Amino acid sequence: MEKFKVLKGFFDTEDKLKTGEHKKGRHYTAAGEFKVFPATQREVAPERIKFLQDEKYIGTEPIKE
């Protein structure tokens with residue numbers, strides 16, 4: 001699974017955590033706790049990756065951890 005740098009904040013509504021503060025989904029920010037997308041090893045549809053890249057939420061080049 002490739003990971004991408006977060007460029008601007010967004011809520012990932014497809015990745016909801018069970019805790020109260022994350023009901024809108026995991027909150028990604030460029031400088032926060034979740035600054036790499038996806039934060040977990042889950043599979044993300046190519047269409048979702050393309051949308052996030054087109055809207056400039058995440059970078060286009062995969063990063064190495």
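The values are calculated or read from the model by the stated rules, or taken from the named source; none is laboratory data. The structure presented is a predicted model; accordingly, all values stated were derived computationally and were not measured. Here Cβ is always computed from backbone atoms with ideal geometry, including for glycine, and neighbour counts include all displayed protein chains. Ligands, DNA and RNA are excluded from the accessible area calculation, which covers all protein heavy atoms including side chains. Shrake-Rupley method; radii C 1.70, N 1.55, O 1.52, S 1.80 Å.
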Out of region 34-53, which residues are surrounded by 10 or more Cβ atoms within 10 Å (Cβ to Cβ) and over 13 Å from D12 (Cβ atoms)? K50, Q53
Name every residue in region 41-65 that is assigned to a loop (DSSP other than H, G, I, E, B), within 14 Å of V6 (Cβ to Cβ) and free of Cβ contacts under 8 Å to residues at least 60 places away in the same chain, in order of residue number. V44, E55, K56, Y57
Out of K16, K56, K64, K23, I need the residue that is at pLDDT 95 or above and open to solvent by 90 Å² or more (accessible area, probe 1.4 Å). Which one? K56
